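All remarks here apply to the structure that follows.
The values are calculated or read from the model by the stated rules, or taken from the named source; none is laboratory data. Predicted model, so just to flag it, every value in this text is computed and none were measured. For neighbour counting, all protein chains shown are included, and Cβ atoms are generated from backbone atoms with ideal geometry for every residue, glycine included.
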Amino acid sequence: MNAHAPFSAAGRAPSLEAIGMTKIFGPLVALDDVSISVPAGAFHALLGENGAGKSTLVKSIMGFYAADRGQVRLDGRDVSIKTPRDARAHGIGMVYQHFTLVPCLTAAENLVISRADAPSIIDWRKEKKALSDFMDAMPFKVPLDAQVASLSAGEKQKLEILKLLYLDQRFMILDEPTSVLTPGEADEMLGLLGEMAARKEITVLMISHKFREVKAFCDSFSVLRRGALTGTGDARSASIAEMSRMMIGDTEVRERAVRVKHNDKREVLELAGIFAEDSEANPVLSSINLKVNAGEIVGIAGVSGNGQSALMEVLSGQRGMSDGAIRIHGQNFTAKRRNFDRYKVFGLPEEPLRNATVPRMSVAENIAFRAFDKPPFALRGWWMSPGPLRRRAEELIAQYRVKTTSPDAPIETLSGGNVQRAVLARELSGDVDVLIVANPCFGLDFASVADIRSQIMEQRNRGAAILLISEDLDEILELADRVAVMSGGTITYVAPIEETDRNIIGQHMAGH
C-alpha cells in the first residue's frame, strides 16, 4: 500500500478474522482457541476483565506476539503477520492507551516521520501541501504546526487516529481510547469514527470497559474470559447484564448498597484555600476550596493531570501546602499518624501497593499498620503480640473477601483487586469519620469494582464524609451526592449530582 496515498471515500474498509488463536506463556494459557470475526465497516467491541486475554489477542493480531496456533484472515485471505511492520503493510494499525507521539515535534512532523518511506531530507513545502490536502479530507482536525506537547489530550488522541489514516491503516484497533478524554471529546471522537465505519471507510476493533460507550457506538461485541471466547452479540440489543455475565461467569457480585437519605448536614471536612507547588516551585494547586458534610460523597472529576494527584498527596501528607488549611470538625488538621487516628481519617490512595503498603511484608502485617501499637496487639505500648494481630487479620480477610494463600503471604503476591480489599479492610474496619479515596477501582475486575463501590457507599450511609477523587466519570455519577470538577489545579465547578449531567460536567472538565 502507498503509505501516504490521498484518502479516498467509502468501500475500502477491510474485514478481519482471527481463527483459533492460541498463545501459551509457560504454564499460562493466555489464549485458548479464540476466534472472532469483524466484518468490513463494523465497530466491534472486545470486552473482558483484566487478564481475560484481550491484550494478548490484539498483540497477536498486530505481530507483537507470535501465536502458537491460529491464523489471521484479512478480506477472506490468510495473511502472515510476524511483526508489527507486517501488520502495517496489511493496513492494520493500533492506537494504544498511552500516546506514542514525540512531544517536542509538531503534529506535521509526527505524521511525516511515522512513514516507512520518510526521506532523510524532507521537502517541507511539498509535505505540508500534501498534509493540508489530507487534513481537508478528514472528519476531525488538529493544528499541524502545533507542538504535540501543547495539544490537549483530545487533540493528541485524534492525532494518533489521524496517523493511522495517514498511513492508510484501515483496520483500527483502539485500546481504551477514551481513558484520557472528557465525555464530550470521547463522544465526538467515537461518533466520527462510527460514521466513517458506517461509510465503510474503516473497520474498528475497540477494547473497552465502558458499557455506555459500547452500547452507544458499537454494533457488535466479543467477550473473553480467562483466555477463552465466552460470547458474541449485537451491542445495541444485548443488555449490560448479559454482557456482564459473559465477562464474569458465575462469580458472585456484591449487591450495590442502597443510598440512605441523611438529614445530618454537619460540615466535617473543609479544604480552605489550599495552594501547593511542585519540586521546581511551579504551582500545582491553586485556591482549592471545598466542604464535605457527614453522610455525603463529594466526587472530584477531571481529566488526568489537572491536580488531582497533587491534592491526594497533600491530603495524605506526601506533599506540603504552600498556603491554606485542612479542617476537620472546624479544627486544623495536619496529615500525621496521630491525627489520622484522632480525627478518624482513613484513606485509599492511588496505586495502593506503592503508596499504602509495604510490598514484602505480609498481608496480616499490612492490615495491622493502623493498630499494631495499640491493645490488644501491643502490650505496654511497645511489645507486639502476634497472636491477636494474626487473628484480627484472619477476621478481616474473611469479612472483606481478600483472596490470599495465607495471612503470612507477602501482600505483593496478591492481585490488584485483593490489594485494594486488604487496604480497605485496614482502613474501613474502624470508626470512620472521613474517608479519602483516589481512583479506588482503577484497573480492577468487575466483581472487585462492585464490591469496593458498595463498601464506599456503606461508609457514606453510616455517616462518613467521603472525598472521592476519580478519573472515571461513571463512578462519580454512580456514587457521588455532589460533584466538583478540577481543571488547571483548581476547582472550577461544584453542583449537586441531581442538578447536573454528564455533558455539563464534561464541558467544565474541558475548561469551558
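Tabulated data for the structure shown
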read-out	value
Single match in Ala18, Ala108 (criterion: touching a Leu at 6+ places or on another chain (Cβ under 7 Å) and assigned to a helix (DSSP H, G or I))	Ala108
Within the range 306-340, tally of residues that are outside any helix (DSSP H, G or I) and either aliphatic (A, V, I, L, M) or within 22 Å of Leu479 (Cα to Cα) (or both)	7
Unique residue being of a type in the set (Gly, Ala, Ser), farther than 25 Å from Ala52 by Cβ and in contact with an Asp or Glu (Cβ under 7 Å, 6 or more places away or on another chain) when the list is Ala464, Ala484, Ala480, Ala425	Ala464
Number of positions in the range 326-355 that are loosely packed, with under 14 Cβ neighbours inside 10 Å and farther than 23 Å from Gly416 by Cα	8
Selection within the range 97-130 - under 26 Å from Asp187 (Cα atoms) and either in contact (Cβ under 8 Å) with a residue 24 or more places away in the chain or assigned by TED's automatic domain parsing to the domain that holds Phe442 (or both)	Gln97, Phe99, Thr100, Leu101, Val102, Pro103, Thr106, Ala107, Ala108, Asn110, Leu111
Residue list for the range 161-209, restricted to those being out of contact with any Phe, Trp or Tyr (no Cβ under 6 Å at 6 or more places or on another chain), closer than 21 Å to Ile61 by Cβ and of a type in the set (D, E, K, R)	Lys163, Asp168, Arg170, Glu176, Lys200, Glu201
Pair list, Cβ < 7 Å and 6+ apart or interchain, from the range 185-207 residues that are more than 24 Å from Ser304 (Cβ to Cβ) to residues that are of a type in the set (Ser, Thr, Tyr) and buried (at least 23 other Cβ atoms within 10 Å of the Cβ)	Ala197/Thr203
Given (1) assigned to a loop (DSSP other than H, G, I, E, B); (2) farther than 22 Å from Asp341 by Cβ; (3) modelled with pLDDT under 80, number of the condition Asp373 does not satisfy	(2)
One residue from Val204, Val268 being within 20 Å of Val142 (Cβ to Cβ) and at pLDDT 95 or above	Val204
Sole exception among (1) under 29 Å from Phe333 (Cβ atoms); (2) crowded, with 18+ Cβ neighbours inside 10 Å for Leu444, by number	(1)
Only listed residue being among the aliphatic types (A, V, I, L, M), within 24 Å of Ala149 (Cα to Cα) and surrounded by 18 or more Cβ atoms within 10 Å (Cβ to Cβ), chosen from Leu111, Leu105	Leu111
Criterion (closer than 27 Å to Asp501 by Cβ, under 25 Å from the mean Cα position of the chain (by Cα), of a type outside the set (Asp, Glu) and surrounded by fewer than 22 Cβ atoms within 10 Å (Cβ to Cβ)) met by exactly one of Arg212, Arg225	Arg212
Hits in the range 414-439 - residues which are buried (at least 24 other Cβ atoms within 10 Å of the Cβ) and among the acidic types (Asp, Glu)	Glu427
Which numbered condition Gly387 misses (of (1) in the same structural domain as Asn418 (by TED's automatic domain parsing); (2) of a type in the set (Gly, Ala, Ser); (3) part of a loop (DSSP other than H, G, I, E, B))	(3)
Residue within the range 266-273 that is surrounded by fewer than 14 Cβ atoms within 10 Å (Cβ to Cβ), over 28 Å from Gln97 (Cβ atoms) and free of Cβ contacts under 8 Å to residues at least 12 places away in the same chain present	no
Some residue of the range 255-270 being under 22 Å from the mean Cα position of the chain (by Cα) and among the aliphatic types (A, V, I, L, M)	no
